[in-house]
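Below: one structure, written as structure tokens.
Quick note: the coordinates plus some simple rules give every number you see, no bench work behind them. Worth saying up front: this structure is predicted, and the values here are computed from it rather than measured. Glycine gets a Cβ as well: all are built from the backbone with ideal geometry, and neighbour counts include every protein chain shown.
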Amino acid sequence: MKSVVSSALIAACLWVSPVAMAQTVPATAAAATPKHGLQYLLPAEVSPQRLIGQPAVNGSQAQAQELAFVRALVAGASAERMAQARADDGNETPSIYNDVMGVDLKTMPATWELLTTMAHEASAVANYAKFAFMRQRPWGADKTIKTCSEADPTKEFTSYPSGHATNGYAMARALVEVAPHYAPGILSRADDYALSRSICGQHYPSDAAAGRAIALQVVDKLLADPRLSGQVAAARAEIAAAH
């Protein structure tokens, strides 16, 4: 059975506690600064501080509530749902929407290209934001939390925003644009894909919410960019021909 992040939960996760308590970040992690890797947008257009708010900090009530949510989610996940979370953990391609669309999107080159273009640009913004905020992951804050895959200590302070969720929502937004009749299924799958990150113990729900916020803002900018109008038109025509 699929689970989705409710709008109320997302709204709550976007609220940040005014309690400010510094977290300890290893010097090696704090010194790392990724390149933007943007192809279409300018860094000033997508500054993380402009797109999303600060995450809850260690020691705050908001952080404690989110950590408790992740613990309960991991503990209560069925074997079937955990298997889905593991599959989502290893897949950041448009194929996550194959079942919704009823077709292998790899066989639709124009649509695949559009979705990967959107995901790449949104991912570049999310990656930069991770190092701007340096939030500790749930499994770092609570060593008892089990993860879907082996925890990578070099990524312990890259929780906010969720890169997987950013990619998933970026592709969903673009796919809804060219295949609006599939919107309910696409958006449900995007939410479920984002929830997998918490079930995997890798992210807090607010990490996914921040990824969603980045994805929607980035993709809306790209959809309005005349340089990408050809990709959008080609994908729309391809979807129409296939369905």
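Hand me the tally of lysine pairs in the chain: alpha carbons under 28 angstrom apart, and the pair either on different chains or 8 or more positions apart.
The result is 15.
What FRET efficiency comes out for the pair Tyr40/Lys106, r = Cβ-Cβ distance, R0 = 35 Å, nearest 0.05? Intermediate values should be presented prior to the final figure.
Working: r = 23 Å, r/R0 = 0.67.
After rounding, the FRET efficiency stands at 0.90.
I need Leu114, Leu105, Leu187, Leu73 ordered by Cβ neighbour count within 10 Å, fewest first.
Working: Leu114 29, Leu105 23, Leu187 17, Leu73 20.
Ordered by Cβ neighbours within 10 Å, fewest first: Leu187, Leu73, Leu105, Leu114.
Given the -39500 (n - 2.57) contribution per DSSP H run of 4+ residues, what per-residue ellipticity at 222 nm results for the chain, rounded to the nearest 500 deg cm²/dmol?
Value at 222 nm, helices only: -18000 deg cm²/dmol.
For a distance above 12 Å, tell me the whole-number percent of Cα pairs in segment 101-163 that qualify. All intermediate terms of the calculation are to be shown ahead of the outcome.
On the way: 1427 of 1953 pairs.
When every Cα pair of segment 101-163 is considered, 73 percent fall beyond 12 Å.
Translational diffusion coefficient, Stokes-Einstein: compute it for segment 166-216 using the Kirkwood radius over C-alpha pairs as Rh, at 20 °C and 1.002 mPa s, and state it as an integer in µm² s⁻¹. Before the final figure, lay out each step's value.
Numbers: Rh = 10.9 Å.
So the translational diffusion coefficient is about 197 µm²/s.
Using only the Cα atoms of segment 78-243, what semi-axes does the equivalent ellipsoid have when each is the square root of 5 times a gyration tensor eigenvalue? Give whole Å, largest first.
Values: eigenvalues 165, 65, 25 Å².
With the √(5λ) rule applied to segment 78-243, the semi-axes are 29, 18, 11 Å.
Using mean Cβ contacts within 10 Å as the protection proxy, how do 159-171, 131-143 order, highest first? Please report the intermediate quantities before stating the final value.
Working: 159-171: 28.9, 131-143: 19.5.
Ranking, from highest mean packing down: 159-171, 131-143.
Among Ala210, Ala129, Ala68, determine the one that fluctuates most according to a GNM of the chain built with springs between C-alpha atoms less than 10 Å apart.
Greatest mean-square fluctuation among the candidates belongs to Ala68.
In a shell of Cβ-Cβ distance under 14 Å around Ala75, excluding Ala75 itself, what net charge do Lys and Arg (+1) and Asp and Glu (-1) give? It would help to have the intermediate numbers written out before the result.
On the way: positive: Arg71, Arg81, Lys146; negative: Asp142.
That sum, taken over residues with Cβ under 14 Å, equals +2.
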